[in-house]
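Just below is one structure, and these are the notes that go with it.
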Amino acid sequence: MNIVPAPVSVERDPAGDFTITATTAISAAPDAVPVGDHLAAVLRPSTGFRLPVVRDRPVDRGILLALGGADPRVGDSGYQLDIGRQAVIMRANMPSGLFAAVQTLRQLLPLAAENGGPWTLPGVRILDYPRFAHRGAMLDVSRHFFTVAEVKRYIDQIAQYKINVLHLHLTDDQGWRIEVRSWPRLATVGGSTQVGGGTGGYYTQDQYRELVAYAAARYITVIPEIDVPGHTNAALASYPELNRDGVAPPLFTGIGNAVGFSSLHTELEITYRFLDDVLAELAALTPGEYLHLGTDEAHATTEPEYRRFLERVLPMVAKRGKKVIGWHEILRAELPESAVAQYWGTTSAHKEVADAAARGHRIVLSPANRAYLDMKYDEDTPVGFEWAGFIDVDTAYGWDPGSYLRDVPESAVLGVEAPLWSETLSAPKHIDLMAFPRVPAIAELGWSPWSTHDWEGFGRRLAAHGPRWEAQGIDFHRSSRVAWP
Ligand code: NGO
């Protein structure tokens, strides 16, 4: 069995194989009907079977989605999956757990099930739940814009690996990608281009809501990022009044070595009116608990300015009932304990981050030399950067989030996240290439118990996913570290 991420425990029962047939039905607890529908939607096109979803009715030979009655260890996100000759039974405490069970079930079907038959599932008893609460993927839609359909496609890809957070990097120097009704030029001007020029794009609030709902239906929470005070050229270019001299700089379509060149003006009062408006609209679009403020590489802001800026902006998030997350530079400011720092450094010791963990802050780990999906695999990778080194899939997989940063204990680690920055990524096929097979590696670090960690075994399981990705049209990187079939 080639389940990724590896489950907590799997017991095989060779006598218990279950075959999905034309008469198989799916019976779901009332609150689990949407998950039952999702399962049916995955299975129907390939099997051609009807697979009716019934509400909580006993079915003769069928697939059962039950809420409650699971081993207490499964918590909110885990599940039990029992496959026997007569039935497939999934049990969880919450629908999100059943959704995770469905992802496992999907991987247990023979590959033929992505385009043929027969549809036999191996007899198993699986108990499974995540190691970390936050298992994220970040997509930079600012440097290059990705359409709603393209982001949905990525959501579908990552959902299969039990990722539960999609962090959208919505603003940067090269583009502002979310409609803000009180400051409309942000999107219409700031979103009108991208790296290399071209038309860029932005999400209307309705489109953005649609993305959030699409993710939520897959138990993925969207964390929106408005990157401030640096990385703000697109905003400054949209509104002259945000600039000290009242003159808007030109739109920026480069990549440039001048990272961090732009900054909101921390001494201008309009800066704070602007951000209060933006964050009000963003909070209203966000069912999740976090708003991401970026806060990285504010090289054009002095230390006291940076601190005073955040002192003014942090309450704007809090008063809307949201918590703040920022890249780890945010720790330079005075923060509420609920603030989360996202570590993107390249060393395995970081004093400010360790001190923050000791003060009670939770940390999301995105070490750039392990988890950055925009790093090349090797010198032949056609897109990407190499400033944090080459990251082949064994490197992406080969670290323990629970002990990676010195003096950051596992209890302080909220989870892991794989950022995909898009300076060099102009097409969905580039997302495929950079995310696969590394996203499954980071997903496994976030989900699976450390006791399952084993590069050989992971590489073997991963290899079996290659043909599945092919069947799904994912143009993945055939890393030489993996013996693809
Ligand atoms: C850095 C920088 C981003 C770049 C990225 C490229 C962070 C947090 N800030 O990561 O603006 O896009 O590297 O790898």
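The values are calculated or read from the model by the stated rules, or taken from the named source; none is laboratory data. Here the structure is a predicted model, which means the values were calculated and not measured. Backbone-built Cβ (ideal geometry, glycine too); neighbour counts: all protein chains shown.
Couple of notes before you dig in:
Here's the yes/no breakdown for (1) of a type in the set (Gly, Ala, Ser); (2) surrounded by fewer than 18 Cβ atoms within 10 Å (Cβ to Cβ); (3) part of a loop (DSSP other than H, G, I, E, B); (4) not assigned by TED's automatic domain parsing to the domain that holds Val413:
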position: Ile442; (1), (2), (3), (4): no, no, no, no
position: Phe458; (1), (2), (3), (4): no, no, no, no
position: Leu462; (1), (2), (3), (4): no, no, no, no
position: His465; (1), (2), (3), (4): no, no, no, no
position: His477; (1), (2), (3), (4): no, no, yes, yes
position: Ser480; (1), (2), (3), (4): yes, yes, yes, yes
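- Counted residues, segment 10-30 - those being in contact with a Leu (Cβ under 8 Å, 6 or more places away or on another chain) and surrounded by 14 or more Cβ atoms within 10 Å (Cβ to Cβ): 9
- Elements of type helices (runs of 4 or more DSSP H) in segment 172-265, at least 2 residues being under 30 Å from Ala133 (Cα atoms): 205-216
- Failed item, numbered, when Arg273 is tested on (1) farther than 30 Å from Tyr161 by Cβ; (2) in a loop (DSSP other than H, G, I, E, B); (3) out of contact with any strand residue (DSSP E or B) (no Cβ under 9 Å at 6 or more places or on another chain): (2)
- Boolean, His231 is within 14 Å of the chain's Cα centre (by Cα) and at pLDDT 95 or above: no
- Check on Pro336, touching a helix residue (DSSP H, G or I) at 6+ places or on another chain (Cβ under 6 Å), surrounded by fewer than 19 Cβ atoms within 10 Å (Cβ to Cβ) and assigned to a loop (DSSP other than H, G, I, E, B): no
- Only one of the listed residues (Gly196, Gly175, Gly200) is surrounded by fewer than 23 Cβ atoms within 10 Å (Cβ to Cβ) and either out of contact with any helix residue (DSSP H, G or I) (no Cβ under 7 Å at 6 or more places or on another chain) or outside the structural domain of Ser96 (by TED's automatic domain parsing) (or both). That residue is Gly196.
- For beta carbons closer than 7 Å, sequence separation of 6+ or different chains, a first residue in segment 369-384 that is over 20 Å from Pro401 (Cα atoms) and a second that is within 14 Å of the ligand (Cβ to nearest atom) and of a type in the set (S, T, N, Q), the qualifying pairs are Val383/Thr424; Gly384/Thr424.
- Listing of strands (runs of 3 or more DSSP E) fully contained in segment 1-100 that carry 1 or more residues being of a type in the set (Ser, Thr, Tyr): 9-12, 25-28, 79-83
Residues are listed down the side, and each one gets a yes or a no for (1) more than 14 Å from the ligand (Cβ to nearest atom); (2) in contact with a Gly (Cβ under 7 Å, 6 or more places away or on another chain); (3) small (Gly, Ala, Ser):
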{"position": "Ala354", "(1), (2), (3)": "yes, no, yes"}
{"position": "Val364", "(1), (2), (3)": "no, yes, no"}
{"position": "Ala371", "(1), (2), (3)": "no, no, yes"}
{"position": "Thr381", "(1), (2), (3)": "no, no, no"}
{"position": "Tyr397", "(1), (2), (3)": "yes, no, no"}
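- None of Leu51, Leu43, Leu39, Leu65 is at positive phi, surrounded by 13 or more Cβ atoms within 10 Å (Cβ to Cβ) and touching a residue at least 12 places away in the same chain (Cβ under 8 Å) except Leu51.
Condition check ((1) within 16 Å of the ligand (Cβ to nearest atom); (2) under 19 Å from Val148 (Cα atoms); (3) within 28 Å of the chain's Cα centre (by Cα); (4) acidic (Asp, Glu)) across all residues:
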position: Gly190; (1), (2), (3), (4): no, yes, yes, no
position: Leu242; (1), (2), (3), (4): no, no, no, no
position: Phe261; (1), (2), (3), (4): yes, no, yes, no
position: Ala280; (1), (2), (3), (4): no, no, yes, no
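- Residue that is assigned to a helix (DSSP H, G or I) and modelled with pLDDT of 95 or more, where the choices are Asp400, Asp407, Asp432, Asp380: Asp432
- When Glu210 is tested against (1) closer than 23 Å to Arg273 by Cα; (2) surrounded by fewer than 16 Cβ atoms within 10 Å (Cβ to Cβ), only condition (1) is not met.
- Annotation note: Cβ proximity below 6 Å between a residue of segment 412-431 that is of a type outside the set (A, V, I, L, M) and a residue that is more than 14 Å from the ligand (Cβ to nearest atom) (sequence gap 6+ or interchain) occurs for Gly415/Phe132; Gly415/Ala133; Gly415/His134; Gly415/Arg135; Gly415/Gly446; Pro428/Glu150; Lys429/Asp475.
- Segment 297-333 - residue that is outside any strand (DSSP E or B), of a type in the set (Lys, Arg) and away from the ligand (no atom under 16 Å from the Cβ) and, of those, farthest from the chain's Cα centre (by Cα): Arg308
- Test: Asp206 is touching an Asp or Glu at 6+ places or on another chain (Cβ under 9 Å), farther than 23 Å from Met316 by Cβ and without any contact (Cβ under 8 Å) to a residue 24 or more places away in the chain: yes
- Going through (1) away from the ligand (no atom under 13 Å from the Cβ); (2) in contact (Cβ under 8 Å) with a residue 24 or more places away in the chain one by one, Ala388 falls short only on (1).
- For segment 358-394, the set of residues classified as of a type in the set (A, V, I, L, M), in contact with a strand residue (DSSP E or B) (Cβ under 6 Å, 6 or more places away or on another chain) and over 20 Å from Glu423 (Cα atoms) consists of Ile363, Val364, Leu365, listed by residue number.
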